[in-house]
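The values are calculated or read from the model by the stated rules, or taken from the named source; none is laboratory data. No experiment lies behind these values; they were computed from the predicted model shown. Please note: Cβ atoms are built from the backbone with ideal geometry, for glycine as well, and neighbour counts cover all protein chains shown. Each accessible area value is taken on the protein alone, full model and side chains, heavy atoms only, with ligands, DNA and RNA left out. Shrake-Rupley method; radii C 1.70, N 1.55, O 1.52, S 1.80 Å.
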Amino acid sequence: MTQFILRRTTGLVLTLLGVSFVVFWIMNVVPGDPTLVILGIDSTPEAQQALRRELGLDDPFLQRYAAWLGGMATGDFGTSYAFKLPVAQLIAERLPLTLSLAVIGMAVTLVLALGLGVLAAANHNRTADWGVMLASQLGIAVPVFWLSILLIIVFAVSLRWLPPGGFPGWSDPVEALRALVLPTIALAVVQAAVLARVTRSALLEVARLDFVRTARASGLARRRILWLHMLPNALIPIVTIVGMQFANVLTGTIVIENVFSLPGLGRLIFQAISNRDLPLVQALVVFFASIVVIANFLVDLAYGAIDPKLRAAA
(Lines give C-alpha, C1' and ligand atoms only; values in the text may rest on other atoms or scores of the structure.)
Protein backbone atom coordinates (compact mmCIF):
# COMPACT_ATOMS: atom_id res chain seq x y z
CA MET A 1 0.00 0.00 0.00
CA THR A 2 2.86 2.37 0.76
CA GLN A 3 4.33 1.87 -2.71
CA PHE A 4 0.90 2.48 -4.21
CA ILE A 5 0.63 5.81 -2.36
CA LEU A 6 4.18 6.81 -3.32
CA ARG A 7 3.49 6.09 -6.99
CA ARG A 8 0.29 8.07 -6.94
CA THR A 9 1.98 10.96 -5.08
CA THR A 10 4.81 11.06 -7.61
CA GLY A 11 2.29 11.09 -10.42
CA LEU A 12 0.40 13.90 -8.67
CA VAL A 13 3.50 16.11 -8.37
CA LEU A 14 4.55 15.52 -11.99
CA THR A 15 1.04 16.24 -13.23
CA LEU A 16 0.86 19.49 -11.26
CA LEU A 17 4.21 20.56 -12.70
CA GLY A 18 2.98 19.77 -16.19
CA VAL A 19 -0.23 21.71 -15.60
CA SER A 20 1.67 24.74 -14.32
CA PHE A 21 4.00 24.71 -17.34
CA VAL A 22 1.14 24.46 -19.85
CA VAL A 23 -0.85 27.21 -18.14
CA PHE A 24 2.16 29.55 -17.98
CA TRP A 25 3.00 28.89 -21.63
CA ILE A 26 -0.56 29.50 -22.83
CA MET A 27 -0.90 32.70 -20.84
CA ASN A 28 2.29 34.01 -22.43
CA VAL A 29 1.43 33.23 -26.05
CA VAL A 30 -2.14 34.57 -26.15
CA PRO A 31 -2.47 37.87 -28.02
CA GLY A 32 -2.43 41.15 -26.15
CA ASP A 33 -0.04 43.26 -24.11
CA PRO A 34 -0.63 43.50 -20.34
CA THR A 35 1.23 46.83 -20.26
CA LEU A 36 -1.66 48.37 -22.21
CA VAL A 37 -4.06 47.20 -19.50
CA ILE A 38 -1.97 48.82 -16.78
CA LEU A 39 -0.94 52.04 -18.55
CA GLY A 40 -3.81 52.47 -20.99
CA ILE A 41 -3.87 52.63 -24.77
CA ASP A 42 -2.67 56.26 -24.75
CA SER A 43 0.63 55.42 -23.04
CA THR A 44 3.89 55.97 -24.91
CA PRO A 45 5.99 53.09 -26.27
CA GLU A 46 8.81 54.15 -23.96
CA ALA A 47 6.60 53.85 -20.87
CA GLN A 48 5.33 50.48 -22.05
CA GLN A 49 8.87 49.19 -22.60
CA ALA A 50 9.98 50.45 -19.20
CA LEU A 51 7.07 48.67 -17.53
CA ARG A 52 7.83 45.46 -19.42
CA ARG A 53 11.37 45.53 -18.06
CA GLU A 54 10.08 46.25 -14.55
CA LEU A 55 7.65 43.32 -14.69
CA GLY A 56 10.28 41.03 -16.21
CA LEU A 57 8.20 40.40 -19.35
CA ASP A 58 11.30 40.70 -21.54
CA ASP A 59 13.17 37.97 -19.66
CA PRO A 60 13.56 34.52 -21.29
CA PHE A 61 10.53 32.27 -20.99
CA LEU A 62 12.16 29.57 -18.85
CA GLN A 63 13.62 32.17 -16.51
CA ARG A 64 10.19 33.74 -15.98
CA TYR A 65 8.60 30.31 -15.50
CA ALA A 66 11.19 29.28 -12.92
CA ALA A 67 10.72 32.55 -11.03
CA TRP A 68 6.93 32.16 -11.10
CA LEU A 69 7.11 28.53 -9.98
CA GLY A 70 9.49 29.41 -7.16
CA GLY A 71 7.16 32.18 -6.05
CA MET A 72 4.19 29.81 -5.97
CA ALA A 73 6.16 27.35 -3.87
CA THR A 74 6.54 30.08 -1.22
CA GLY A 75 2.98 31.38 -1.51
CA ASP A 76 3.88 34.38 -3.66
CA PHE A 77 1.65 34.35 -6.75
CA GLY A 78 2.65 37.83 -7.86
CA THR A 79 0.70 41.08 -7.85
CA SER A 80 -2.52 41.63 -9.74
CA TYR A 81 -2.21 44.13 -12.58
CA ALA A 82 -5.83 45.28 -12.26
CA PHE A 83 -6.41 45.19 -8.49
CA LYS A 84 -2.87 46.25 -7.46
CA LEU A 85 -3.00 43.67 -4.67
CA PRO A 86 -1.16 40.40 -4.04
CA VAL A 87 -2.80 37.56 -5.93
CA ALA A 88 -2.64 35.34 -2.83
CA GLN A 89 -4.64 37.93 -0.88
CA LEU A 90 -7.33 38.13 -3.58
CA ILE A 91 -7.67 34.34 -3.70
CA ALA A 92 -7.80 34.06 0.10
CA GLU A 93 -10.60 36.66 0.24
CA ARG A 94 -12.75 34.96 -2.41
CA LEU A 95 -12.00 31.30 -1.64
CA PRO A 96 -14.35 30.85 1.39
CA LEU A 97 -17.46 31.70 -0.63
CA THR A 98 -16.53 29.48 -3.58
CA LEU A 99 -15.53 26.60 -1.30
CA SER A 100 -18.74 26.94 0.74
CA LEU A 101 -20.85 26.90 -2.41
CA ALA A 102 -19.00 23.85 -3.76
CA VAL A 103 -19.21 21.88 -0.49
CA ILE A 104 -22.91 22.63 0.02
CA GLY A 105 -23.60 21.86 -3.64
CA MET A 106 -21.76 18.55 -3.39
CA ALA A 107 -23.59 17.61 -0.20
CA VAL A 108 -26.96 18.27 -1.85
CA THR A 109 -25.79 16.31 -4.90
CA LEU A 110 -24.90 13.26 -2.78
CA VAL A 111 -28.17 13.29 -0.86
CA LEU A 112 -30.29 13.61 -4.01
CA ALA A 113 -28.26 11.23 -6.16
CA LEU A 114 -27.89 8.40 -3.65
CA GLY A 115 -31.52 8.62 -2.62
CA LEU A 116 -32.84 8.65 -6.18
CA GLY A 117 -30.35 6.03 -7.38
CA VAL A 118 -31.26 3.61 -4.59
CA LEU A 119 -34.98 4.29 -5.16
CA ALA A 120 -34.63 3.51 -8.88
CA ALA A 121 -32.61 0.35 -8.28
CA ALA A 122 -35.00 -0.92 -5.62
CA ASN A 123 -37.92 -0.45 -8.02
CA HIS A 124 -36.27 -1.64 -11.21
CA ASN A 125 -38.59 -1.44 -14.26
CA ARG A 126 -41.35 0.11 -12.18
CA THR A 127 -42.89 3.57 -12.15
CA ALA A 128 -40.36 4.99 -9.65
CA ASP A 129 -37.47 3.72 -11.77
CA TRP A 130 -38.86 5.25 -14.95
CA GLY A 131 -39.58 8.52 -13.16
CA VAL A 132 -36.03 8.79 -11.80
CA MET A 133 -34.55 7.98 -15.21
CA LEU A 134 -36.73 10.60 -16.93
CA ALA A 135 -35.90 13.24 -14.33
CA SER A 136 -32.17 12.49 -14.53
CA GLN A 137 -32.25 12.68 -18.33
CA LEU A 138 -33.86 16.11 -18.11
CA GLY A 139 -31.31 17.19 -15.50
CA ILE A 140 -28.42 16.18 -17.73
CA ALA A 141 -29.91 17.93 -20.76
CA VAL A 142 -30.55 21.30 -19.07
CA PRO A 143 -27.67 23.83 -19.37
CA VAL A 144 -26.54 25.18 -16.03
CA PHE A 145 -26.72 28.85 -17.02
CA TRP A 146 -30.27 28.40 -18.40
CA LEU A 147 -31.39 26.62 -15.23
CA SER A 148 -29.87 29.42 -13.14
CA ILE A 149 -31.79 32.09 -15.06
CA LEU A 150 -34.99 30.04 -14.79
CA LEU A 151 -34.58 29.70 -11.03
CA ILE A 152 -34.07 33.46 -10.70
CA ILE A 153 -37.19 34.20 -12.75
CA VAL A 154 -39.39 31.76 -10.81
CA PHE A 155 -38.19 31.97 -7.22
CA ALA A 156 -36.71 35.48 -7.05
CA VAL A 157 -38.65 37.60 -9.54
CA SER A 158 -42.10 35.93 -9.59
CA LEU A 159 -42.45 34.38 -6.12
CA ARG A 160 -39.91 36.61 -4.35
CA TRP A 161 -38.98 33.82 -1.97
CA LEU A 162 -35.22 34.16 -2.39
CA PRO A 163 -32.76 36.87 -3.43
CA PRO A 164 -31.89 36.95 -7.16
CA GLY A 165 -28.18 37.37 -6.56
CA GLY A 166 -25.44 38.97 -4.54
CA PHE A 167 -23.98 37.84 -1.25
CA PRO A 168 -24.45 39.73 2.06
CA GLY A 169 -21.50 38.08 3.81
CA TRP A 170 -21.35 35.61 6.67
CA SER A 171 -22.13 38.21 9.33
CA ASP A 172 -25.78 37.19 8.89
CA PRO A 173 -25.68 33.39 8.39
CA VAL A 174 -29.40 33.13 7.60
CA GLU A 175 -29.27 35.66 4.77
CA ALA A 176 -25.99 34.18 3.55
CA LEU A 177 -27.54 30.71 3.27
CA ARG A 178 -30.65 32.15 1.58
CA ALA A 179 -28.40 33.76 -1.02
CA LEU A 180 -26.78 30.37 -1.71
CA VAL A 181 -30.00 28.36 -2.11
CA LEU A 182 -30.58 29.04 -5.81
CA PRO A 183 -26.88 28.72 -6.81
CA THR A 184 -26.70 25.44 -4.90
CA ILE A 185 -29.74 24.03 -6.68
CA ALA A 186 -28.35 25.08 -10.05
CA LEU A 187 -25.04 23.39 -9.25
CA ALA A 188 -26.52 20.22 -7.78
CA VAL A 189 -29.24 19.35 -10.30
CA VAL A 190 -26.99 18.37 -13.20
CA GLN A 191 -24.44 16.57 -11.02
CA ALA A 192 -27.14 14.71 -9.10
CA ALA A 193 -28.72 13.57 -12.36
CA VAL A 194 -25.46 11.99 -13.51
CA LEU A 195 -24.65 10.41 -10.15
CA ALA A 196 -28.16 8.99 -9.72
CA ARG A 197 -27.86 7.09 -13.00
CA VAL A 198 -24.42 5.77 -12.02
CA THR A 199 -25.71 4.70 -8.59
CA ARG A 200 -28.66 2.88 -10.13
CA SER A 201 -26.47 1.06 -12.67
CA ALA A 202 -23.89 0.08 -10.04
CA LEU A 203 -26.57 -1.29 -7.69
CA LEU A 204 -28.25 -3.28 -10.46
CA GLU A 205 -24.89 -4.78 -11.38
CA VAL A 206 -24.23 -5.83 -7.77
CA ALA A 207 -27.77 -7.22 -7.47
CA ARG A 208 -26.85 -10.01 -9.91
CA LEU A 209 -23.98 -11.29 -7.74
CA ASP A 210 -24.15 -14.49 -5.73
CA PHE A 211 -23.80 -12.94 -2.27
CA VAL A 212 -26.96 -10.87 -2.82
CA ARG A 213 -28.96 -13.96 -3.74
CA THR A 214 -27.54 -15.68 -0.65
CA ALA A 215 -28.56 -12.75 1.55
CA ARG A 216 -32.08 -12.85 0.15
CA ALA A 217 -32.28 -16.61 0.66
CA SER A 218 -31.19 -16.11 4.28
CA GLY A 219 -34.28 -14.01 4.88
CA LEU A 220 -32.59 -10.64 5.44
CA ALA A 221 -34.79 -7.58 5.06
CA ARG A 222 -34.76 -6.00 1.62
CA ARG A 223 -33.76 -2.60 2.96
CA ARG A 224 -30.90 -4.09 4.96
CA ILE A 225 -29.58 -5.93 1.89
CA LEU A 226 -29.82 -2.78 -0.21
CA TRP A 227 -28.08 -0.34 2.14
CA LEU A 228 -25.66 -2.58 4.08
CA HIS A 229 -24.66 -5.14 1.46
CA MET A 230 -25.31 -3.85 -2.06
CA LEU A 231 -24.42 -0.16 -1.71
CA PRO A 232 -20.96 -0.69 -0.09
CA ASN A 233 -20.04 -3.10 -2.90
CA ALA A 234 -21.19 -0.62 -5.53
CA LEU A 235 -19.04 2.24 -4.23
CA ILE A 236 -16.12 1.98 -6.68
CA PRO A 237 -17.92 3.52 -9.70
CA ILE A 238 -19.83 5.89 -7.42
CA VAL A 239 -16.66 7.20 -5.74
CA THR A 240 -15.05 7.64 -9.16
CA ILE A 241 -17.87 9.88 -10.31
CA VAL A 242 -18.04 11.73 -6.97
CA GLY A 243 -14.35 12.65 -7.21
CA MET A 244 -14.77 14.06 -10.70
CA GLN A 245 -18.02 15.76 -9.79
CA PHE A 246 -16.53 17.68 -6.87
CA ALA A 247 -13.97 19.10 -9.30
CA ASN A 248 -16.81 19.86 -11.74
CA VAL A 249 -18.84 21.55 -9.02
CA LEU A 250 -15.91 23.73 -7.98
CA THR A 251 -15.04 24.74 -11.54
CA GLY A 252 -18.76 25.11 -12.33
CA THR A 253 -18.91 28.00 -9.89
CA ILE A 254 -17.30 30.13 -12.63
CA VAL A 255 -20.64 30.19 -14.46
CA ILE A 256 -22.85 30.16 -11.38
CA GLU A 257 -21.09 33.03 -9.61
CA ASN A 258 -21.32 35.24 -12.68
CA VAL A 259 -25.03 34.54 -13.15
CA PHE A 260 -25.84 35.17 -9.48
CA SER A 261 -23.24 37.97 -8.99
CA LEU A 262 -21.45 36.13 -6.20
CA PRO A 263 -18.02 37.55 -5.25
CA GLY A 264 -16.11 34.27 -5.37
CA LEU A 265 -13.23 32.84 -7.36
CA GLY A 266 -15.45 32.16 -10.37
CA ARG A 267 -16.34 35.82 -10.73
CA LEU A 268 -12.76 36.80 -9.97
CA ILE A 269 -11.34 34.72 -12.82
CA PHE A 270 -13.88 36.24 -15.22
CA GLN A 271 -12.79 39.73 -14.16
CA ALA A 272 -9.13 38.75 -14.47
CA ILE A 273 -9.60 37.44 -18.01
CA SER A 274 -11.50 40.58 -19.00
CA ASN A 275 -8.67 42.77 -17.70
CA ARG A 276 -5.92 40.49 -19.08
CA ASP A 277 -4.55 40.24 -15.56
CA LEU A 278 -1.94 37.56 -16.29
CA PRO A 279 -0.68 36.85 -12.74
CA LEU A 280 -4.23 36.47 -11.46
CA VAL A 281 -5.43 34.36 -14.41
CA GLN A 282 -2.41 32.05 -14.16
CA ALA A 283 -2.85 31.50 -10.44
CA LEU A 284 -6.59 30.84 -10.70
CA VAL A 285 -6.31 28.47 -13.68
CA VAL A 286 -3.58 26.51 -11.89
CA PHE A 287 -5.73 26.44 -8.75
CA PHE A 288 -8.80 25.05 -10.54
CA ALA A 289 -6.70 22.58 -12.55
CA SER A 290 -4.99 21.43 -9.35
CA ILE A 291 -8.37 20.76 -7.75
CA VAL A 292 -9.22 18.40 -10.61
CA VAL A 293 -5.86 16.59 -10.34
CA ILE A 294 -6.02 16.32 -6.54
CA ALA A 295 -9.61 15.05 -6.68
CA ASN A 296 -8.52 12.23 -8.97
CA PHE A 297 -5.59 11.50 -6.64
CA LEU A 298 -7.91 11.23 -3.63
CA VAL A 299 -10.22 8.95 -5.60
CA ASP A 300 -7.28 6.62 -6.30
CA LEU A 301 -6.49 6.51 -2.59
CA ALA A 302 -10.14 5.91 -1.74
CA TYR A 303 -10.14 2.80 -3.95
CA GLY A 304 -7.66 1.14 -1.61
CA ALA A 305 -9.75 2.00 1.43
CA ILE A 306 -12.96 0.68 -0.14
CA ASP A 307 -11.83 -2.49 -1.91
CA PRO A 308 -9.67 -5.01 0.03
CA LYS A 309 -8.65 -6.61 -3.27
CA LEU A 310 -7.02 -3.38 -4.39
CA ARG A 311 -5.20 -3.09 -1.06
CA ALA A 312 -3.86 -6.62 -1.45
CA ALA A 313 -2.77 -5.95 -5.03
CA ALA A 314 -1.05 -2.74 -3.99
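Using a 1.4 Å probe and counting only protein heavy atoms, arrange R52, R213 so the residue with the most accessible area comes first.
On the way: R52 60, R213 120 Å².
Result, largest first: R213, R52.
What does the C-alpha gyration tensor say about the overall shape of region 149-202? Classify as rounded when a/c is under 1.5, otherwise prolate if a/b is larger than b/c, or oblate.
oblate
Only Cα pairs under 8 Å and 6+ residues apart enter the sum, and on that basis the relative contact order of region 147-259 stands at 29 percent.
Quick check for me: using +1 on Lys/Arg Cβ and -1 on Asp/Glu Cβ, what's the dipole size of the chain about its Cα centre, in debye to the nearest 20? All intermediate terms of the calculation are to be shown ahead of the outcome.
Working: 22 positive and 17 negative charges, 329 e Å.
For this selection, approximately 1580 debye.
Take the alpha carbon atoms of region 66-179, find their radius of gyration, then divide it by 2.2 N^0.38 Å using N residues; give the quotient. All intermediate terms of the calculation are to be shown ahead of the outcome.
Details: Rg = 20.7 Å, N = 114, 2.2 N^0.38 = 13.3 Å.
Rg over 2.2 N^0.38 Å, computed on Cα atoms: 1.55.
Mean silhouette area of region 1-113, derived from the convex hull of its C-alpha atoms and averaged over all directions, reads 11.1 nm². Our coupling estimate for region 288-300, obtained by passing each phi through the Karplus curve with A = 6.51, B = -1.76, C = 1.60 and θ = phi - 60°, is 5, 5, 5, 4, 5, 5, 5, 4, 5, 5, 5, 5, 4 Hz, Gly and Pro reported as x.
For the chain, the relative contact order comes to 27 percent (Cα pairs under 8 Å, sequence separation of at least 6). Fully extending the segment from D58 to A107, taken as 0.36 nm per residue of separation minus the present Cα-Cα distance, adds 12.9 nm. Can you tell me the 0 to 90 degree angle between the C-alpha axis of helix 45-55 and the longest principal axis of the chain, rounded to 10? The angle comes out near 50 degrees. Entry comment: accessible area of the chain is 52 Å² per residue, from protein heavy atoms only and a probe of 1.4 Å.
For T79, the amide hydrogen comes within under 5 Å of the amide hydrogens of V87, counting only partners 5 or more places away or on other chains and with H modelled in the peptide plane. Please give the residues of region 235-273, grouped as numeric ranges, whose backbone N is less than 18 Å from a label point set 7 Å along the Cα-to-Cβ vector of I26. 247-255, 266-273, by backbone N distance to the label point. Residue by residue, region 14-19 carries 3J(HN,Hα) couplings of 5, 5, 5, 5, x, 4 Hz when phi is fed to the Karplus relation 6.51 cos²θ - 1.76 cosθ + 1.60 (θ = phi - 60°); x denotes Gly or Pro.
Within the set [x] 1.09; [y] 1.22; [z] 0.94, the number that Cα Rg over 2.2 N^0.38 Å takes when calculated for this structure is listed as [y].
Of the solvent-accessible surface of the chain, computed with a 1.4 Å probe and all protein chains present, 68% belongs to carbon and sulfur. Which of V198, I152, V292 sits closest to the plus end of the dipole of the chain, meaning its Cα is farthest towards the positive end, when Lys and Arg get +1 and Asp and Glu get -1 on the C-beta? Of V198, I152, V292, it is V198.
Within the listed set D59, D129, D210, the residue fluctuating most in the Gaussian network model of the chain (springs between alpha-carbon atoms under 10 angstrom) is D210. Phi angles across region 67-83 convert, under the Karplus curve 6.51 cos²θ - 1.76 cosθ + 1.60 with θ = phi - 60°, into 3J(HN,Hα) values of 5, 5, 5, x, x, 4, 4, 9, x, 9, 9, x, 10, 5, 5, 7, 8 Hz, Gly and Pro given as x.
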